[in-house]
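The values are calculated or read from the model by the stated rules, or taken from the named source; none is laboratory data. Bear in mind that the values here come from a model prediction, so they are computed numbers and not experimental data. Don't worry about glycine lacking a Cβ; one is built from the backbone with ideal geometry, like all the others, and counts go over all protein chains shown. SASA here: full protein model, heavy atoms, side chains in, ligands and nucleic acids out. Shrake-Rupley method; radii C 1.70, N 1.55, O 1.52, S 1.80 Å.
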There are 2 protein chains.
Amino acid sequence: MTPPDKIDKREQILQAAEQLFAEKGFDGTSVRDIAHEANVNLAMISYYFGSKEKLLESLIEQRFRISIGILEELSNDQSLSAWEKIDRLIDYYVERMVTNRRFHNIMNQEYNTDRSSEIKDLITRIKLQNLERIKGIIVDGQRQKLFRPVDIELTLGSIMGTIAQVTSLRKLYCNLLQIDNTDEASYSNVVIPRLKVHLKQLMRAHLDIKNEA
Amino acid sequence: MTPPDKIDKREQILQAAEQLFAEKGFDGTSVRDIAHEANVNLAMISYYFGSKEKLLESLIEQRFRISIGILEELSNDQSLSAWEKIDRLIDYYVERMVTNRRFHNIMNQEYNTDRSSEIKDLITRIKLQNLERIKGIIVDGQRQKLFRPVDIELTLGSIMGTIAQVTSLRKLYCNLLQIDNTDEASYSNVVIPRLKVHLKQLMRAHLDIKNEA
DNA sequence: CTATTCTAATTAAACGTTTGTTTAATTTAA
DNA sequence: TTAAATTAAACAAACGTTTAATTAGAATAG
């Protein structure tokens with residue numbers, strides 16, 4: 001039989017760390033926990049990453065780099081109307097934040113502590129860059145007289161905040177939406193389409209220039 | 001001069017814990033940190049609260065009990081229209097979550113770890129109870145043909161999520177809104193009214209039966 | 001093809017701190 | 001005099017990290 005050890009041990013450690021950090025927090029997770037979960041010797045973590053802190057940085061950097069260009073591409077796509085861009089934006093973020101909610105969880109926890117200012121700055125920089133790009137989409141829609149004047153920054157906050165709220169207070173919303181908390185698939189199958197529909201409807205009402213000022 | 005020791009030591013410890021838990025997380029804060037910040041001997045924490053964990057429970061319980069009846073009162077107030085109730089609801093939650101954001105921070109962090117299931121259940125129960133009450137307000141508005149049919153649960157998520165997003169990613173939104181991060185007063189003075197206006201506008205567009213379906 | 005060499009991977013054990021909690025003695029105030 | 005409040009000291013356990021020894025696997029030489 002093929003030994004599971006054949007997967008790169010570095011990646012094993014990263015996966016174990018992602019899971020445990022999300023469940024128990026950074027400080028609540030010991031390197032011994034991670035080593036045990038990854039079926040790896042304790043010392044391998046220092047060996048590969050240098051320290052527990054550096055392990056977290058590696059995790060964040062790697063998981064972030066995955067999808068930075070997507071927003072730029074969407075933003076610059078001339079074939080899409082401003083309305084279509086908003087819809088695709090919602091689809092993208094709902095999909096991304098629901099399926100990667102463990103990772104977003106870690107980032108939020110890390111962002112709300114004053115431990116490593118480097119990590120916080122990294123997150124701020126990337127998020128700011130993304131938000132500026134979305135701002136551009138809404139401004140374009142306003143220039144074309146499709147969207148009415150709104151508080152753009154807080155509109156972004158409503159889109160991201162709605163998704164973040166449902167995903168990060170998962171237990172609460174499973175209760176509220178009457179979803180089985182334990183079944184990951186049925187959770188996604190209910191929450192993802194429902195979030196997409198709600199947010200598109202919300203933004204249509206909020207942004208449409210035909211609605212009351 | 002009046003010695004600051006005259007304030008109840010229990011309360012000193014609670015305040016120090018609230019601040020440090022919010023800044024550094026539960027596991028990131030040592031009881032020695034708390035004792036030092038509260039100008040209290042290390043052993044006083046076990047003496048008063050029994051343990052670090054019980055200290056957190058005391059903190060959450062005490063801070064929660066403060067405002068449970070308010071929602072019930074608002075919900076049952078016959079002199080207010082459904083629209084007015086929504087507005088007051090927004091005012092209340094914006095005010096509450098921005099000024100007590102440290103406490104909400106702790107709760108979020110605690111909610112997203114699987115340490116104490118008791119605390120998580122406590123939070124779930126209270127929040128669920130509150131959300132059900134707000135649901136009632138929207139359902140009433142729909143019965144009176146003031147509000148159109150919407151996804152009520154996710155509408156609640158949008159209200160709470162917007163506020164939570166802005167307050168919990170504070171550094172990011174200070175950047176985005178061009179507010180001085182260090183000055184607490186100017187932060188509140190900008191963010192609170194702006195959140196209120198935005199959310200009322202958002203809900204007016206979203207809920208008004210006169211807008212497109 | 002075997003034997004040797006060398007580097008990277010892996011390990012168990014130990015390091016010095018820091019952790020939350022307890023103890024036993026002392027001070028305070030009624 | 002008595003009980004509560006407060007203290008410094010000590011406790012064992014857990015922490016992140018390092019060490020020094022061993023194994024594995026490919027490269028090199030005969």
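Just want to confirm a number: the relative contact order over chain A, from Cα pairs under 8 angstrom separated by 6+ residues, in percent.
21 percent
Quick one: go through the range B:53-79 and flag any residue whose amide nitrogen is under 17 Å from the point 7 Å out along the Cα-to-Cβ line of B:ASN100.
Counting only backbone N, you get B:56-75.
Regarding the range A:1-115, what's the average projected area of the Cα-atom convex hull, expressed in nm²? Please list the in-between numbers first.
Details: hull surface 38.6 nm².
For the range A:1-115, the mean projected area of the Cα convex hull comes to 9.7 nm².
Could you work out how far apart the two model spin labels at A:ILE126 and B:ALA43 are, taking each label as a point 7 Å from the Cα in the direction of the beta carbon, and quote it in nm?
In this crude label model, A:ILE126 to B:ALA43 measures out at 4.9 nm.
Step through the table entries A:LYS135/A:LYS200; A:LYS135/B:LYS127; A:LYS54/A:LYS127; A:LYS200/B:LYS196; A:LYS171/A:LYS210, compare each Cα-Cα distance with 28 Å, and write down the pairs that go over it.
A:LYS135/B:LYS127; A:LYS171/A:LYS210
Round to the nearest 10 and give me the degree value, 0 to 90, for the angle of helix B:82-99's Cα axis relative to the longest principal axis of chain B.
Once rounded, one gets 20 degrees.
Within the accessible area of the range A:73-169, what % is carbon and sulfur when the probe is 1.4 Å and the other protein chains stay in place?
Summing carbon and sulfur atoms, their accessible area is 45 percent of the total for the range A:73-169.
At q = 0.10, 0.14, 0.15, 0.19 Å⁻¹, what log₁₀ I(q)/I(0) does a Debye calculation on the Cα points of the range A:126-213 give, no solvent, two decimals?
-0.34, -0.61, -0.68, -0.91
Quick check on the range A:172-213: what does the Kirkwood estimate of hydrodynamic radius come out to from the alpha carbon pairs, in Å?
11.9 Å
Can you tell me, using C-alpha contacts under 8 Å and at least 6 residues apart, the relative contact order of the range A:118-205 as a whole percent?
15 percent
Do any GluC sites (Glu not before Pro) in the range A:129-213 lie in a DSSP loop with no more than 13 other beta carbon atoms within 10 Å, and if so, which? Let's see the in-between values first.
Details: sites: A:GLU132, A:GLU153, A:GLU184, A:GLU212; in loops: A:GLU212.
Filter output for the range A:129-213: A:GLU212.
Taking 0.36 nm per residue of separation and subtracting the Cα-Cα distance, what length does fully extending A:ARG88 through A:ARG65 add?
Full extension of this stretch gives 6.3 nm more.
Loop sites only, by DSSP: take the trypsin sites (Lys or Arg not before Pro) in chain B that have at most 14 other C-beta atoms within 10 Å and name the longest stretch containing none of them.
That would be B:1-144.
Note down the magnitude of the dipole of chain B about its Cα centre, charges +1 on Lys and Arg C-beta and -1 on Asp and Glu C-beta and zero elsewhere, to the nearest 20 debye. Intermediate results must be reported in sequence, preceding the final value.
Working: 30 positive and 31 negative charges, 71 e Å.
It works out to roughly 340 debye.
Below 8 Å, C-alpha to C-alpha, sequence gap of six or more: please give me the relative contact order for the range B:11-58 in percent.
Relative CO of the range B:11-58 lands at 33 percent.
Pick from B:ALA22, B:ALA43, B:ALA35: which residue has the top mean-square fluctuation in a GNM of chain B where Cα pairs under 10 Å get a spring?
With Cα springs under 10 Å in chain B, the top fluctuation among B:ALA22, B:ALA43, B:ALA35 is at B:ALA43.
Return the value, in Å² to the nearest 100, of accessible area buried between chains A and B (probe 1.4 Å, both sides summed). Write out the running numbers ahead of the final one.
Numbers: alone 12400 and 12350 Å², together 19880 Å².
What A and B bury together is about 4900 Å².
What's the Kirkwood radius of the protein assembly as shown in Å, using all Cα pairs?
23.3 Å
Is it possible to state the helix-based mean residue ellipticity at 222 nm for chain A, with each DSSP H run of 4+ residues giving -39500 (n - 2.57), the sum divided by total residues, to the nearest 500 deg cm²/dmol? What is it?
Roughly -24000 deg cm²/dmol at 222 nm, from the helical runs in chain A.
Any idea how far apart B:SER116 and A:LYS54 come out in nm if each label point goes 7 Å out from Cα toward Cβ?
Result for the modelled spin labels: 3.6 nm.
Per residue, how much accessible area does the protein assembly as shown have with a 1.4 Å probe, in Å²?
On the way: 19880 Å² over 426 residues.
In whole numbers, the protein assembly as shown has 47 Å² accessible per residue.
With all distinct Cα pairs included, what does the Kirkwood hydrodynamic radius of the range A:97-174 come out to in Å, to one decimal, could you say?
Over the range A:97-174, the inverse of the mean reciprocal pair distance is 14.3 Å.
Ratio of Rg to Rh for chain A, alpha carbon only, Kirkwood? Could the numbers behind the result be given before it?
Working: Rg = 19.9 Å, Rh = 19.3 Å.
Ratio of gyration radius to Kirkwood radius for chain A: 1.03.
Which whole-Hz couplings ³J(HN,Hα) result when phi for each residue of the range A:108-117 is put into the Karplus expression 6.51 cos²θ - 1.76 cosθ + 1.60, θ = phi - 60°, listed in order with x for Gly and Pro?
With the stated coefficients, the range A:108-117 comes to 4, 4, 5, 5, 9, 10, 9, 6, 9, 5 Hz.
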